[in-house]
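Asker: Dropping a structure here in structure tokens format, bear with me for questions.
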Amino acid sequence: GKRALKLYHFFFVYSVCVVLLAAMDPQAQEVSGQDGMNGQSLSTAREARKRAELDAQLLANRIALLKQEEEKAWRKIEETRKRAGDVMATRAANEEKFKAKEDFYRGKWEAIRQAQAQNAYARDKGRMAREATQNALMEAKRTGVQASKRQAQEHLMAKKERETNDKLGNQDRANYIKRQKDEAKRRMEAERSGKLEMFRADYEARIGQEEMLRARTEALVSAMEKEEMELIQRLQNTQMMQRSAYDELEQALGTTAQPVSRTRGAVDDEPKRDEPVANAAA
């Protein structure tokens, strides 16, 4: 994670500083200038320093790239959360629209039913009035001729037929309205189900894409961490070789003839001057 990367970075920077201090020590350069036999060791140290600086720059570039990838991942997470919020808001709006339409049709159906009830009441009232009038006429004409009775009976049959036809027509209209309402409700349910399925499929596709991106990023981070550990191990090996080279230099200085007293003093002081560098390398 981030903490491991910070620890690797600190250890690597610390090692690079140790290598640079050891390579740039003026006392080591003075001793190397006095003894031409150690020119090759100084050149090796300089090459090691250059390689360490190059490794430091490469690691800095990789760390910057890791930070950029982390920022991209967080931006993807924020975008996904925002899209999920948009989907939920759209779903809520669609549900509100569906509820409003359902309330509208319910109110319309209630109005139609009330109108039907009022029409039935008016018909019943008119029928009762007509029946009362007919009864009065029939009572007044009871003593009339048979033709008047037949005419009254025919009139009554026609009236009943009309009433039957009216009832059947009203029933047909009621059934038609009910079928229209049921059909509209089915269409709305199908449309709503289709939209919900589309939103669900789109959401799952986005989740799959984000999971794929996350897996790729984790694989890249793992590979870079492995490469970084290998570079750190190589740097440690280089430091061990450098310390070995300094040990060989000290041994060579201890066995070399010292005809001039000033040179002897510089050589005698060399281990003391190199001691902080050795401690830092350790």
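The values are calculated or read from the model by the stated rules, or taken from the named source; none is laboratory data. This structure is a prediction, so every number in the text was calculated from the model and none was measured. So basically every Cβ, Gly included, is an ideal-geometry build from the backbone, and we count neighbours across all protein chains shown. Heads up: the accessible areas ignore ligands, DNA and RNA and are worked out on the full protein's heavy atoms, side chains in. Shrake-Rupley method; radii C 1.70, N 1.55, O 1.52, S 1.80 Å.
Asker: Specify which of the listed residues (Arg273, Arg187, Arg243) is open to solvent by 60 Å² or more (accessible area, probe 1.4 Å), modelled with pLDDT under 85 and out of contact with any strand residue (DSSP E or B) (no Cβ under 7 Å at 6 or more places or on another chain). It would help to see each step written out before you state the result.
Answerer: Numbers: Arg187 fails: modelled with pLDDT under 85; Arg243 fails: modelled with pLDDT under 85.
Just one listed residue meets the conditions, Arg273.
Asker: Can we say Arg113 is open to solvent by 60 Å² or more (accessible area, probe 1.4 Å), of a type in the set (D, E, K, R) and more than 30 Å from Arg192 (Cα to Cα)?
Answerer: No: the conditions fail for Arg113.
Asker: A further question on this structure: Could you look through region 200-230, keep only residues that are surrounded by fewer than 13 Cβ atoms within 10 Å (Cβ to Cβ) and among the polar types (S, T, N, Q), and pick out the one that is nearest to Gly85 (Cα to Cα)?
Answerer: Result: Gln209.
Asker: Quick one: would you say Glu228 is at pLDDT below 90, of a type in the set (Asp, Glu) and under 28 Å from Ile63 (Cα atoms)?
Answerer: No; evaluated as a whole, the condition is false for this residue.
Asker: Quickly run through region 44-79 and pick out the residues that are among the basic types (Lys, Arg) and open to solvent by less than 80 Å² (accessible area, probe 1.4 Å). Can you show your working first?
Answerer: Here is the first cut: in region 44-79, the residues among the basic types (Lys, Arg) are 46, 49-51, 62, 67, 72, 75-76.
Within region 44-79, Arg49, Arg62 meet the criteria.
Asker: Could you say whether any residue in region 67-90 is more than 30 Å from Glu204 (Cβ to Cβ), modelled with pLDDT of 85 or more and among the basic types (Lys, Arg)?
Answerer: Checking region 67-90: not a single residue is more than 30 Å from Glu204 (Cβ to Cβ), modelled with pLDDT of 85 or more and among the basic types (Lys, Arg).
Asker: Moving on to the next point. Please work out if Asn175 is surrounded by 13 or more Cβ atoms within 10 Å (Cβ to Cβ), more than 30 Å from Asp86 (Cα to Cα) and under 60 Å from the mean Cα position of the chain (by Cα).
Answerer: no
Asker: Testing Arg192 on (1) open to solvent by 70 Å² or more (accessible area, probe 1.4 Å); (2) closer than 27 Å to Ala64 by Cα; (3) in contact (Cβ under 8 Å) with a residue 40 or more places away in the chain, one condition comes back false. Which one is that?
Answerer: Failing condition for Arg192: (2).
Asker: Show the residue pairs that are 6+ apart or on different chains and have beta-carbon atoms under 7 Å apart, the first residue being within region 88-104 and in a helix (DSSP H, G or I), the second being among the charged types (D, E, K, R) and surrounded by 11 or more Cβ atoms within 10 Å (Cβ to Cβ).
Answerer: Close Cβ pairs satisfying both conditions: Asn94/Arg192; Asn94/Lys195; Phe98/Arg192.
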